[in-house]
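Just below is one structure, and these are the notes that go with it.
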Amino acid sequence: MRVDDLYINMAKDILENGYDEEDVSSKVRPKWENGESAYTKYLPQEVITYNRGEVPLISLRKIAWKSAIKEILWIYKDRSNDVNLFRDKYNVKYWDSWKDENGTLGKAYGYQINKKFISPETKKETNQIDRLISELKENPLNRRLILSLYDVDDLSDMTLIPCAFLTMWTVTKDYLNLTLIQRSGDFLAAASPGNINAFQYYVLLRMICQVTGYKPGRFVHFIQNAHIYKKHIPIVKKIIENDISDKSNPKLVINPDIDNFYDFTIDDFKIEDYYPNTTKYNIDIAL
């Protein structure tokens with residue numbers, strides 16, 4: 001698959017041409033659980049463009065696609081920052097390390113989507129998702145259709161500043177196009193081509209298309225700092241040596257009866273013809 005080739009090519013580029021963070025003195029570094037600094041090799045300003053209809057899921061290793069969708073539902077449909085809700089409703093626990101004393105991510109992620117503001121178009125109170133859907137239906141040539149998880153007034157109250165933090169939406173005739181902006185991307189865990197971040201925002205594009213009547217158009221993923229943690233390098237080298245599946249041609253199937261964004265549940269999504277390599281890897285996450 002082309003997506004597998006994108007993954008392999010970016011991995012090799014970072015490994016062969018990436019800048020080594022250990023050569024730079026910096027106080028702002030994530031840590032491993034034992035307190036060790038988590039250094040990377042990185043490249044700036046990486047852009048991945050997916051073709052119309054191309055589902056960004058690699059076959060080189062199995063991607064937890066259901067968990068990826070659940071996170072999108074939690075942030076954009078539930079408009080929640082409640083980590084306990086994410087765990088209890090969706091049985092996903094990987095945000096537990098960042099929750100505060102109230103069990104939330106502070107003013108991050110779903111908090112920003114749920115925040116009320118006055119629409120510049122209608123002068124009425126709304127939230128980011130409702131404004132996007134309304135404008136796509138009523139004013140599709142609006143060039144200000146942006147969803148942002150990044151508010152400078154709230155950064156100090158976030159337990160983790162969002163990595164994938166901004167989406168921009170543009171209509172071309174019958175197609176809705178999406179650009180995802182990511183400030184920082186852990187290649188192995190989530191941010192590489194065909195990995196969790198790309199797939200989950202492709203799902204969000206499909207969801208918005210379904211409730212607004214558009215076809216899914218181009219999906220462009222921009223990562224300002226694409227990196228492989230040095231601890232992850234041996235795993236990445238193993239993955240890119242895996243055979244690309246000849247059978248895998250993933251298709252995302254969404255329940256066609258859903259026409260209200262807030263009615264989607266995880267049971268409305270299926271993946272067909274996905275045959276990834278099922279080797280399990282122990283992937284440590286930097287905190």
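Rundown of residues vs (1) free of Cβ contacts under 8 Å to residues at least 24 places away in the same chain; (2) within 22 Å of the chain's Cα centre (by Cα); (3) under 27 Å from Asp82 (Cβ atoms), yes/no style:
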residue	(1), (2), (3)
Leu132	no, yes, yes
Lys137	no, no, no
Arg143	no, no, no
Ser148	no, yes, yes
Leu166	yes, yes, yes
Trp169	no, yes, yes
Taking the residues in the range 216-245 that are among the hydrophobic types (A, V, I, L, M, F, W, C) and part of a strand (DSSP E or B) as candidates, determine which candidate is nearest to Thr172 (Cα to Cα).
-> Phe219
Flag for Lys62 being touching a Lys or Arg at 6+ places or on another chain (Cβ under 9 Å), basic (Lys, Arg) and surrounded by fewer than 19 Cβ atoms within 10 Å (Cβ to Cβ) = yes
Matching residues, the range 60-96, being among the small types (Gly, Ala, Ser) and within 28 Å of Tyr7 (Cα to Cα) | Ala64, Ser67, Ala68
Quick one: in the range 73-97, which of the residues that are farther than 25 Å from Asp130 by Cβ and of a type in the set (Lys, Arg) is farthest from the chain's Cα centre (by Cα)?
-> Arg87
Return the residue satisfying two criteria in turn: it lies in the range 30-42 and is over 16 Å from Gly185 (Cβ atoms) and open to solvent by less than 80 Å² (accessible area, probe 1.4 Å), and of such residues it is modelled with the lowest pLDDT.
-> Gly35
Candidates Asn142, Asn177, Asn197, filtered to the one that is in a loop (DSSP other than H, G, I, E, B) and either surrounded by 13 or more Cβ atoms within 10 Å (Cβ to Cβ) or touching a Leu at 6+ places or on another chain (Cβ under 7 Å) (or both) | Asn142
If you check Glu22, Glu46, Glu54, which single one turns out to be open to solvent by 60 Å² or more (accessible area, probe 1.4 Å) and farther than 23 Å from Thr279 by Cβ?
-> Glu22
Just checking, how many residues over the range 80-126 are over 30 Å from Asn139 (Cα atoms), without any contact (Cβ under 8 Å) to a residue 24 or more places away in the chain and open to solvent by 80 Å² or more (accessible area, probe 1.4 Å)?
-> 6
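The values are calculated or read from the model by the stated rules, or taken from the named source; none is laboratory data. Here the structure is a predicted model, which is why all the values come from computation and not from measurement. Neighbour counts run over all protein chains shown; Cβ positions are idealised from the backbone, glycine included. The area values use the complete protein model at the heavy-atom level, side chains included, leaving out ligands, DNA and RNA. Shrake-Rupley method; radii C 1.70, N 1.55, O 1.52, S 1.80 Å.
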